[in-house]
1. Taking the Cα centre of the chain as origin and charging only Cβ (+1 Lys, Arg; -1 Asp, Glu), how large is the dipole, in debye to the nearest 20?
2. Provide the gained length on full extension for the span residue 61 to residue 7, in nm with one decimal, where the gain is 0.36 nm per separating residue minus the Cα-Cα distance.
3. Would you list 152, 82 from the most to the least accessible area, probe 1.4 Å?
4. What accessible area, in Å² to the nearest ten, does a 1.4 Å probe give for residue 134?
5. Which one of 99, 82, 45 has its Cα pushed farthest toward the positive end of the charge dipole of the range 41-144, where Lys and Arg give +1 and Asp and Glu give -1 at the Cβ?
6. Go through 39, 28 and list them by solvent-accessible area, largest first, probe radius 1.4 Å.
7. Taking the Cα centre of the range 79-171 as origin, sum charge times position over the Cβ atoms of Lys and Arg (+1) and Asp and Glu (-1), and report the length of that vector in debye to the nearest 20.
8. How much length is gained on full extension from residue 27 to residue 83, taking 0.36 nm per residue of separation minus their Cα-Cα distance?
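The values are calculated or read from the model by the stated rules, or taken from the named source; none is laboratory data. Values in this document were obtained by computation on a predicted structure and should not be read as measured data. No Cβ is skipped: glycine too gets one built from the backbone with ideal geometry, and neighbour counts run over all protein chains shown. The protein model used for the area step is the full one, side chains on, heavy atoms only, and it has no ligands, DNA or RNA in it. Shrake-Rupley method; radii C 1.70, N 1.55, O 1.52, S 1.80 Å.
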Amino acid sequence: VFFLGEFSEPAEVLCPRGVLRKAIAKAESMGLKGFGAVEYEFFVFDETPKSVREKGYRNLEPIAPGNFGYSVIRNSGDSELYETILKNAEVMDFPIEGLHEETGPGVLEAAIAVDELLSAGDKAALFKTFTKIICQKVDLMACFMAKWSPDYPGQSGHIHISLQNADGSSA
């Protein structure tokens, strides 16, 4: 069982869900409804929280070598990890439209399915948290830092937002 909590007044003004609700209310006052989706690019290391500390956060070992974006070989070799992430995403209601290796050693990209804005924000946070947990359970470590080393390309997160008029037509 998992409960997603949030702050109430007066802390709601700083609560991410509170801030997003305020933006959603403003859009609705203008006759608009928002939808969103998030894509994360992230590193997966053949490391544990303990091993990275012992290494002083240096010389980390990615799960795959080289720059093999969209590699069928890499995806297939790590298929158990992919399947676990995808199944968890379905069970926890943050379905993933695509999960594949991205350019960079040990880099994966996940595109979370579109939803109404508040739910899309929740799903992005849940994906990130539970992907870290899934990796830790198999002695891997997911890292969502934009750039963990000057020797490798940086990674990112993409937020996609679209607006519709109240009648469902494009804004």
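1. 500 debye
2. That works out to 15.6 nm of additional length.
3. 152, 82
4. 20 Å²
5. 45
6. Putting 39, 28 in descending order of accessible area: 28, 39.
7. 320 debye
8. Full extension from residue 27 to residue 83 adds 16.4 nm.
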